[in-house]
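To start, the structure itself, in structure tokens.
Where a number appears in this text, it was derived from the coordinates with a stated rule and is not lab data. Only a predicted model underlies this, so the values are computations on that prediction, with no experimental measurement involved. Please note: Cβ atoms are built from the backbone with ideal geometry, for glycine as well, and neighbour counts cover all protein chains shown.
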Amino acid sequence: MSNLKIPILDLSAEIEAHWDELMEAYQGVLRSGAFVMGPNVMAFEQEAAEYLGVKHAIGVNSGTDALIIGLRAAGIQPGDEVITTPFTFFATAEAISMVGATPVFVDIDERTFNIDTNLIEPAITERTKAILPVHLYGQAVDMDPIMALAKEYNLKVIEDTAQAFGGEYRGQKLGAIGDVGCFSFYPSKNLGAFGDGGLITTNDDEIAETAEMLRNHGSKKTYYNEVLGYNSRLDEIQAAILRVRLPHIDQANAGRRQAAHRYNELLKGVPNIITPYEDPNAKHVYHQYTIRVQNGRRDEVNNSLAEKGIGARIYYPVPVHQLPVYKDSAPTLPVAEQLAGEVLSLPIWPGIDEKVLEQVCDALKLA
Ligand SMILES: *Cc1c(COP(=O)(O)O)cnc(C)c1O
């Protein structure tokens, strides 16, 4: 991978641009001697809550833990059903299963790659307790119909916002619309730390209080543990790094959007390629720029790019319902299954050079 001429993601320029600030933040933590749940975590939680427009933001160890703790804090229990998308990273469904609930997969919308909101109501049963939409690739799920169903059937909505920090839907930040938002700061995400990290957001005081307990071994007061929880705290170094990067997230996302729009222009009319749809009611933050390559040519095209040193990637080659853990009980979901054979994510990052975009598109045209 390291000798690729064009990687899928290159953060070096962004890190270089903020080098001094990052170093200062890092060294400040070393000098302070406070490494877990210190002043940077508290400050980051406040700054993130303000940015996202939510009452509470709770730092945790990863996006996966944000989902597990978020689900439990929202009251999801063993035996419950949670409706979700099969077209996501495994962690989404894994978290549902890890709290003892059952993920119920419904098919996706071929334009957005996100859950098809028309298919949710028929999947609701007496055991359904929540809907877990994923804003895949940074593209907002159509939240209005989901919130309407949640109200009608008394369901919780947990947003998997791991790929969409800073994205918006009808003027609201993603992760601030449902009952709980779950973010990941894995280094490759739009807002990335230099290690693992995650965040839970909510406007509900009770959910926030439970999430705070669960991340710290089920205790409000040290050594007076009340329920079974986790060791899932955000550490000071990651919080300090995130505090440096948060003020630049809008600019970074704007850079991704600009690159995506340039790709759209360069790829217009190229046979077998469908460029990503952009919902006019939302702000797509292009965690990935993902095209569809039709007529069975995806793998061929991907291989041809690889030969030229271009690091395109397939997110994800197998939809979650067809992975070993779920495949025996899974329904057939034709759109997700078809798109898993068509999607191809191209190199994108904030500030990606115009020449790189042209090089990728030239290679695609010849593939
Ligand atoms: C990255 C990701 C997660 C998991 O986040 P981690 O921080 O890696 O645990 C969950 N859901 C989606 C959609 C993701 O992309």
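Quote the charge dipole size of the chain about the Cα centre in Debye, to the nearest 20; the model charges only the Cβ of Lys and Arg (+1) and of Asp and Glu (-1).
For this selection, approximately 420 debye.
Of all the C-alpha pairs in the range 33-94, what % are more than 20 Å from each other?
43 percent
For the chain, what proportion of DSSP beta bridges, expressed in % and rounded to the nearest 5, is antiparallel?
Among the beta bridges of the chain, antiparallel pairing accounts for roughly 60 percent.
When ranked by the protection proxy of mean other Cβ atoms within 10 Å per residue, highest first, what sequence do the peptides 233-246, 39-52 form?
Highest to lowest by the protection proxy: 233-246, 39-52.
Going down the table (Lys151/Lys283; Lys268/Lys327; Lys156/Lys268), which pairs top 31 Å between alpha carbons?
Where the Cα-Cα span goes over 31 Å, the pairs concerned are Lys268/Lys327; Lys156/Lys268.
Report the Rg/Rh value for the range 1-110, based on alpha-carbon coordinates and the Kirkwood definition of Rh.
1.08
Taking the Cα centre of each part, how many Å lie between the range 169-191 and the range 296-358?
Centre-to-centre distance over Cα atoms comes out at 23 Å.
Only Lys, Arg, Asp and Glu count, each charged at its Cβ (+1, +1, -1, -1), so figure out the dipole size of the range 226-367 about its Cα centre, rounded to 20 debye.
Values: 16 positive and 17 negative charges, 44 e Å.
Here the range 226-367 has a charge dipole of around 220 debye.
Once phi is turned into θ = phi - 60°, what whole-Hz ³J(HN,Hα) does the Karplus curve with 6.51, -1.76 and 1.60 give for every residue of the range 47-57, x standing for Gly and Pro?
5, 5, 4, 5, 4, 7, x, 10, 6, 10, 9
Hey, got the dipole for the range 63-220? About the Cα centre, +1 on K and R Cβ, -1 on D and E Cβ, debye to the nearest 20?
340 debye
Starting from the range 139-236, pick out the chymotrypsin sites (Phe, Trp or Tyr not before Pro) whose DSSP state is loop and whose Cβ has at most 11 other Cβ atoms within 10 Å.
Numbers: sites: Tyr153, Phe165, Tyr169, Phe183, Phe185, Phe194, Tyr223, Tyr224, Tyr230; in loops: Phe165, Phe185, Phe194, Tyr223, Tyr224, Tyr230.
Here the sparse-neighbourhood loop sites are Tyr223, Tyr224.
Over its Cα atoms, what ratio of radius of gyration to 2.2 N^0.38 Å does the chain give?
0.98
So which GluC sites (Glu not before Pro) in the range 96-156 pass both tests, a DSSP loop state and at most 12 other Cβ atoms within 10 Å of the Cβ?
Those satisfying the criteria are Glu126.
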